[in-house]
Amino acid sequence: MALVSASILACDQTRIGEQIIKAEAAGIDYIHVDIMDGVYVENMTYGPQLIRDLKKISGLPISVHFEVCHPETFFPIFADCGADIVTFQLDACSNPLHLIQEIRKRGIKAGIGIGPTYGTERLAYLLPCIDWLIMMSAEPGYGGQPLNPCIYEKLREAQEIMVKTESRVPISVDGGVNGSNGQKLVEAGADVLIAGSYVFQDDAMAERVQNLKNL
Ligand code: DX5
Ligand code: ZN
């Protein structure tokens, strides 16, 4: 059984609250919020006020995914907004261990994200220090892209590194996840399926969430 994190990037942006309430009733486990700065990726998204407002309407944990340059300078304004998990892209940060500490100091779970073109080499060093791992299966910046099949092998590698380093960090997959590839992702080692377009594409949200959860 997979956990499902719904990415609000694919919501109708004028009805995020309404759609999150529906998604919560449909059984999602996390709310995934991508923060984009127009520099690390060309797209731009949300600030900390959205997290505060989402906290008022939902009891679900909020997973914030920084797709920004210098996440260490971004993090302070998100430190007290109620985020439960904060993940930053590893290649955007010069001192990841320091930022992990800063995040954890606030009682927030700390995660790293690795892009689809980055290997798993650095994970042996970092897995023992983190609470959360996002392995991206599409380039950061936009929803609605196809899943890059390289993710399956990378998931297996991450699982092997986890065994070797005796760490146990839930692995999320982000980008192009849907009802057709979910099973294969779970078999390769994904614990959390992050899905935007697949969940929010139409009114069959409840069925789609259950499709992913029941894998
Ligand atoms: C993209 C984001 C994803 C995105 C996934 O950079 O990190 O969370 O919303 O969207 P889908 O599921 O549509 O690929
Ligand atoms: Zn994301």
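We did not get these values from a lab; they are worked out from the coordinates using the rules stated. Everything numeric in this text was worked out from a predicted model, so none of it was measured. Ideal geometry is used to build each Cβ from the backbone, glycine not excepted, and the neighbour counts take in all protein chains shown.
Taking the criterion of being assigned to a loop (DSSP other than H, G, I, E, B) and in contact with a strand residue (DSSP E or B) (Cβ under 9 Å, 6 or more places away or on another chain), the residues of the range 118-141 that qualify are Y118, T120, R122, I130, D131, S137, A138, P140, G141. Considering each residue of the range 1-50, count those that are outside any loop (DSSP other than H, G, I, E, B) and not acidic (D, E), and give that number. Qualifying residue count for the region: 30.
Only one entry in S167, S172 is of a type in the set (S, T, N, Q) and in a loop (DSSP other than H, G, I, E, B), namely S167. Note on the range 142-154: residues that are surrounded by 19 or more Cβ atoms within 10 Å (Cβ to Cβ) and in a loop (DSSP other than H, G, I, E, B) total 2.
Scanning the range 87-110 for residues that are farther than 21 Å from P149 by Cα, in contact (Cβ under 8 Å) with a residue 40 or more places away in the chain and not in a helix (DSSP H, G or I) returns a single hit, T87. The residue pairs whose first member lies in the range 182-200 and is part of a helix (DSSP H, G or I), whose second member is more than 15 Å from ligand 2 (Cβ to nearest atom) and hydroxyl-bearing (S, T, Y), and whose beta carbons are closer than 9 Å, counting only pairs six or more residues apart or on different chains, are K184/Y152; L185/Y152; E187/Y152; A188/Y152. Just one of (1) among the hydrophobic types (A, V, I, L, M, F, W, C); (2) under 24 Å from L123 (Cα atoms); (3) in contact with a helix residue (DSSP H, G or I) (Cβ under 8 Å, 6 or more places away or on another chain) fails for M205. It is (2). A count restricted to the range 30-50 and to residues that are within 19 Å of V4 (Cβ to Cβ) and either of a type in the set (A, V, I, L, M, F, W, C) or surrounded by fewer than 18 Cβ atoms within 10 Å (Cβ to Cβ) (or both) stands at 2.
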